[in-house]
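Before any comments, here is the structure.
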Amino acid sequence: MILEIEYINNLTSDIWEMKLNGDFPFNNVQAGQFINIRIKDSYDHLLRRPISIAEANTDMQSLTIVFRVVGQGTKWLSQRQKGDKLDVMGPLGVGFPLPDYNRKVLIVGGGVGVPPLYQLAVDVSKYTKNVHILLGFRNARECFWQEKFADKGELVIATEDGSRGVRGFVTDALKAYKSYWDYVYACGPRPMLKALKQYFQGQDVKGYVSLEERMACGVGACYGCVCSSEDRGENFRICKEGPVFPWGEVDI
Amino acid sequence: MSKPDLSVEIAGIKLKNPVMPASGCFGYGREYSKYYSLSKLGAVVVKATTLKRRLGNPTPRVTEVTAGMLNAIGLANPGVEQVVKEELPWLADQNVPIIVNIAGETVSEYCQVAEIISHSGLAQAVELNVSCPNVKLGGLTFGADPVILADLVRQVKKVCCIPVIVKLSPNVTSITELALAAEQAGADGISLINTLIGMKIDLKTRKPVLANKIGGLSGPAIKPVALRMVYETARIVNIPIIGMGGIYKGEDAVEFIMAGASGVMVGTANFTDPYACPKIIAGIESFMIAQGLKSLEDIRGCAL
């Protein structure tokens, strides 16, 4: 489907926010799902770029994505302008299952893994008011969407250099909480997800992680983006069975 | 003017048009059936199937390169029993011929898989994968030596009651020698080309991007090589040829047909555009209308 860029804006030196509208099943978006975006109508970039949905606004009939410029494809994307059209597939994959009512929820994000957690926080806030949000960034200059998240739960920021919030990784910040949670939702770098899974090992908590891998088809046909099951006995397709998995089911 | 006839016959199988998704690029069809009816396709070629389940290679398994992509999936599949039980019955209901790509580490494994597929009654042909560049055992071992290839084809033909198409590798000294060996051993058709072996290095890590280090190059980058190999093969064999390698548009498919191919397979293009196959079929039809062609036979092999 073809979506039009309503606005594009840089949030940090290399992270961009883009709002899209057009004919898209906005109402059917599950937090944690992604879209697969065609880069140019040429042979320069044959593989689409999978980017998670940060916000699907059913009232505004719009979709917001946030992405980091990491190569030529995302650079091209960052150079698009208001009114430009994008060829998009989605929503794709399986997102975060929502909690039961009035449960205690912790949402943890790291770096460019933070965006899909915004839609999650919006959806979770309809089920419970007990929401802690912990976001980790490299430094204050890399932080984004702080105000938006603060509106959806009790927000703590951690930065590696201490230039904002708690100094250290999210797992360091976690130690300061005097709380327990029924649900933990996370998206970010693998080491962060691994550390979180270990941190909560043995506790009675439902944990969900969103994983990332280089993709080709984005629909489950090519078996390019797999991850291993916890016992490494089978593989799951991140684009199809994921990107969100219960952390007990996957080898992070 | 009446609509042009896109139908073709390959190894005794009647296809409503010459376009089929290539093995490994279309799963078992389910994913793309959400985008269009699979009955629009000439046939569906499903992922390589082996005797036992294979998990495949570690990730990253795919990466993009100039006008192409590299993959090193490693023949991940649930094994032939599971494919026959869970995947083929659904696909057989989609009103489209099925070709099952099969692979093995030994002649016996190829034969067992071919026999199971053939006896299932669910597929119209098998495609022998003797050209996978991403596995340590099997694959290219069988596709690089004419004597070994001929023996494999003969053994499979003995146990398989449906047509046997042999998928050849471009990573050989003489593809025509292998095509001839396959034909003489009784192959019912030849498909080519599988991917070319390639590599990409990550400038930050200073290491190959793919976990397998090397992978198969596909996409428009390989089209001239593929076309040349189809052309050379068409000059010397009499069995039908299915051409593939970087087909993105109807015009690309027409070039392969002019080089002597009876059918074409579409791989990487499915990833770029899920509607690639129906668009290519429409593109072939437009070309035929513009050129006043009634049948693809009017142009097949005309460049030879």
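Bear in mind these aren't lab numbers, they're just calculated from the coordinates by the rules spelled out. Since we're looking at a predicted model, the values are computed, not measured. Heads up, the Cβs are rebuilt from the backbone with ideal geometry, glycines too, and the neighbour counts pull from every protein chain shown.
Brief remarks on what is shown
- The helix-based estimate of mean residue ellipticity at 222 nm for chain B, built from -39,500 (n - 2.57) per DSSP H run of four or more residues and divided by its residue count, is -9000 deg cm²/dmol to the nearest 500.
- The mean number of partner chain beta-carbon atoms within 10 angstrom of a residue's beta-carbon across peptide B:270-277 is 5.
- Over 26 Å [Cα-Cα, chain B], rounded percent: 40
- Distant-in-sequence amide contacts of B:VAL65, defined by a placed amide H-H separation under 5 Å and a gap of 5 or more residues or a different chain, comprise B:LEU70.
- Averaged over the residues of B:63-74, the number of partner chain Cβ atoms lying within 10 Å of the residue Cβ comes to 4.
- Each residue of chain A gets 121 Å³ once the volume of the Cα convex hull is shared out per residue.
- Cross-link partners for B:LYS85 among the lysines, with Cα-Cα distance under 19 Å and sequence neighbours closer than 8 places in the same chain left out: B:LYS47, B:LYS52.
- Measure of compaction for the stretch A:149-252 (Cα Rg per 2.2 N^0.38 Å): 1.21
- Descending Cα extents along the principal axes, the stretch B:51-106, whole Å: 38, 28, 19
- Whole-number percent relative contact order across chain A, with pairs defined as alpha carbons under 8 Å at least 6 apart: 17
- Every Cα-Cα pair in the stretch A:105-210 was counted, and those over 19 Å apart are 36% of them.
- Packing rank of B:200-210, A:139-149, where each peptide gets the mean count of other beta carbons within 10 Å, highest leading: A:139-149, B:200-210
- For A:223-233, mean number of other protein chain Cβ atoms within 10 Å: 4
- Kirkwood radius and radius of gyration were both taken over the C-alpha atoms of the stretch A:189-244, and their ratio Rg/Rh is 1.02.
- In this simple spin-label model, placing a label point 7 Å from the Cα along the Cα-to-Cβ direction at both A:TYR199 and A:ASN139 gives a separation of 2.3 nm.
- Where labels lie 7 Å past Cα in the beta-carbon direction, separation of B:SER2 and B:ILE289 in nm: 1.7
- Only helical runs count toward this figure. For chain A, summing -39,500 (n - 2.57) over DSSP H runs of n ≥ 4 and dividing by all residues gives -3500 deg cm²/dmol at 222 nm.
- Placing one equal scatterer on every Cα of the stretch B:152-222 and applying the Debye formula, the log10 ratio I(q)/I(0) at q = 0.16, 0.24 Å⁻¹ is -0.69, -1.01.
- Interchain or long-range residues, amide H under 5 Å from A:ILE107's placed H: A:HIS132, A:ILE133, A:LEU134, A:TYR185
- For the stretch A:3-97: span of alpha carbons on each principal axis (Å, largest first): 34, 24, 23
- Packing-based order for A:150-157, B:288-295, B:46-53, A:179-186, using average beta carbon neighbours within 10 Å, highest first: B:46-53, A:179-186, A:150-157, B:288-295
- Rg(Cα) / (2.2 N^0.38 Å) computed for the protein assembly as shown, rounded to two decimals: 1.04
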